[in-house]
Amino acid sequence: MATQEFYIRSASETEARGPFSVEQLISLAETGQVTPETLYYDANAEKWIVIREDAEVHALVFPEKKKLAIKKDPQVATLNKESDERAPISVHDMLAAAEGRTEDTRDKSAGLVMVDRCAKFGLWGCILMLIIAAAAEILPSIDILTNFTTAGLLRAPLVILGVLDVFLAIMLLLGVVSLYPFIRFRAMLGLGFLGFIFWTRGEHTPLLAALAGSVGLYMCTIFMSYIPIAVGLALGLGGMGGLAYYFIA
């Protein structure tokens, strides 16, 4: 863990910074640029984790400071003193490392670029899927929404799901990616609700579309590599588009 390199970002950011060593993260923490609420990317779990929720990482980045006592410097001959020829790490060196402009990090900048691009693809993919799903759920019953009544909504529960999808799409447009766990819940909720309806009617084609759309929406919130994101976008947009065609056409 001490030699591990970290990519970090805040909860409101979609772009990551790094890679940083543990020593660099400690320096950033001392200047307030890294807090216990900062997220780091766990490559093994393929997800972002809040530092304070990982006891081991939190202890590394925010070590307990020992009380210092004044100790008299003993008289030691100059020849016995060890010289440290390593130059201290400056802020400029840290920024160069974050941008992949050093010898140690230049070959790792491609991984950061991939994470950034996949995060953006996943974000915009989720927004488009939610908008398409909302259109499929609201437009066939738009009169119920314009003539708002409780009884009308109970007769068309898909309208409620559509309004929820509009709200989630707007929040993602504003950059509130902390809603990803709820969007995963929405994907499973939509699959269960629509799947039950289509299954009881014996309509297998829209059932498959609902399955593909929900799985694609879920995948775009958890993966940070090209192939899984591409599969998630294809399934999600294709499935949501199929549902829109089924409900509107």
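Readers should treat all values here as calculations from the given coordinates under stated rules, not as data from a laboratory. Remember, predicted model here, so these are calculated numbers, not experimental data. Please note: Cβ atoms are built from the backbone with ideal geometry, for glycine as well, and neighbour counts cover all protein chains shown.
Quick notes on this one:
- Taking other C-beta atoms within 10 Å as the exposure proxy, CYS118, CYS220, CYS126 rank CYS118, CYS126, CYS220 from fewest upward.
- All C-alpha pair distances within the range 112-248, sorted into 10 Å bins from zero, spread as 13, 43, 32, 10, 2, 0 percent across the bins.
- Look at SER10, SER214, SER21 and count the other Cβ atoms within 10 Å of each Cβ; fewest to most, that gives SER10, SER21, SER214.
- Added length on full extension, which subtracts the Cα-Cα distance from 0.36 nm per residue, GLU53 to VAL166: 37.6 nm
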